[in-house]
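The values are calculated or read from the model by the stated rules, or taken from the named source; none is laboratory data. Quick caveat, the model's predicted, so the values are computed rather than measured. When we count neighbours, we look across all protein chains shown, and the Cβ atoms used for this are built from the backbone with ideal geometry, even at glycine. These accessible areas exclude ligands, DNA and RNA; they are computed on the full protein's heavy atoms, side chains included. Shrake-Rupley method; radii C 1.70, N 1.55, O 1.52, S 1.80 Å.
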Amino acid sequence: MHYRRILRLFLIPIVSFLAIVVICLLYGFFIEVRWLKIKTINISDTPSIRLIHISDIHYKGDKTYLKRLVSQINDIPADIVCFTGDLIEAGDIHFLPECLDIILSINKPLYGVGGNHDTWAVGERLNQVETCFERTGGKWFSNNMVISFDNGKGTLVGESLDDVSKSNTQVLLNHYPTAVERITEDSFDLVLAGHTHGGQINIPFFKINNKSKYQRGLYKHNEAYLHVTPGIGTYFINARFLCRPEISVIAM
């Protein structure tokens, strides 16, 4: 009897711990990874511009998920959609045409910049990406490209920080959040970035993927706001934990 009591004393917490681990794995791999969240962020009390920020699709062939993303974007009242990099992954160029065909259904002007995976993967098919974004009424940016949007209400700048003069409401699209540290004071009102995936797997008290001090959310750097989205897709491991994929709606 004494032996059995000791066995139960140790066995119950071990079994409970393993059950919690299994539940968390199932949740991360099968629920949260595709559980899209729409988050609204108000930068101004009297906003004149409303934009949608998405990033890091990392499309791997899940048409149902990407179509649901596009459908939800289409239902949100906004002036433009801003994408900050990584349509697909390096080595997955065969997914590019299908990815572009789906996002072409976005019913608002789609503006975007490339991420590190786009640089590695897209290559000679860059013209297909440019055509897709232009057909939505938007643009795929190259360096030093400055575009006015929404009848002059605002200006979008893609990637480069060089020789940019301030005008009206100015928004910088850059894949990397640390770009905010290189801008001159008062040159931008808002910087949009991705790349971090918000950490993707966030286990309390353990930092697995926290290399950037700008992990996710809204930050203030000098006079500019920085918004880092946790992104839409996943990298390396097809799971998320305490970091839902997000469609960010920013009113400014």
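Points to keep in mind about this one:
- Selection of segment 24-49 for residues being at pLDDT below 95, surrounded by 14 or more Cβ atoms within 10 Å (Cβ to Cβ) and under 18 Å from residue 80 (Cα atoms) yields 43, 49.
- Candidate set: segment 77-91, residues that are open to solvent by 10 Å² or more (accessible area, probe 1.4 Å) and closer than 23 Å to residue 174 by Cβ; chosen: the one modelled with the lowest pLDDT: 90
- The single condition among (1) open to solvent by 50 Å² or more (accessible area, probe 1.4 Å); (2) out of contact with any strand residue (DSSP E or B) (no Cβ under 7 Å at 6 or more places or on another chain) that residue 146 does not satisfy is (2).
- Residue match in segment 21-35 (condition: part of a loop (DSSP other than H, G, I, E, B), closer than 20 Å to residue 248 by Cα and out of contact with any Phe, Trp or Tyr (no Cβ under 7 Å at 6 or more places or on another chain)): yes
- Checking residue 167 against (1) open to solvent by less than 50 Å² (accessible area, probe 1.4 Å); (2) at pLDDT 75 or above, the condition it does not meet: (2)
- Condition check for residue 54: out of contact with any Cys (no Cβ under 6 Å at 6 or more places or on another chain), surrounded by 10 or more Cβ atoms within 10 Å (Cβ to Cβ), more than 26 Å from residue 101 (Cα to Cα) and among the aliphatic types (A, V, I, L, M): no
- Taken over segment 138-156, the criterion of being within 18 Å of residue 86 (Cα to Cα) and modelled with pLDDT of 80 or more is satisfied by 138, 139, 140, 141.
- Of all residues in segment 115-137, those being in contact with a helix residue (DSSP H, G or I) (Cβ under 9 Å, 6 or more places away or on another chain) and under 16 Å from residue 81 (Cβ atoms) number 4.
- The set of residues in segment 240-251 that are crowded, with 19+ Cβ neighbours inside 10 Å and part of a loop (DSSP other than H, G, I, E, B) comprises 240, 243, 245.
- Which listed residue, of 50, 34, 5, is basic (Lys, Arg) and over 19 Å from the mean Cα position of the chain (by Cα): 5
- Subset tally (residues that are modelled with pLDDT under 95 and in a loop (DSSP other than H, G, I, E, B)) for segment 221-237: 5
- For segment 76-118, filtering for residues that are on the phi > 0 side of the Ramachandran plot and over 16 Å from the mean Cα position of the chain (by Cα) leaves 1.
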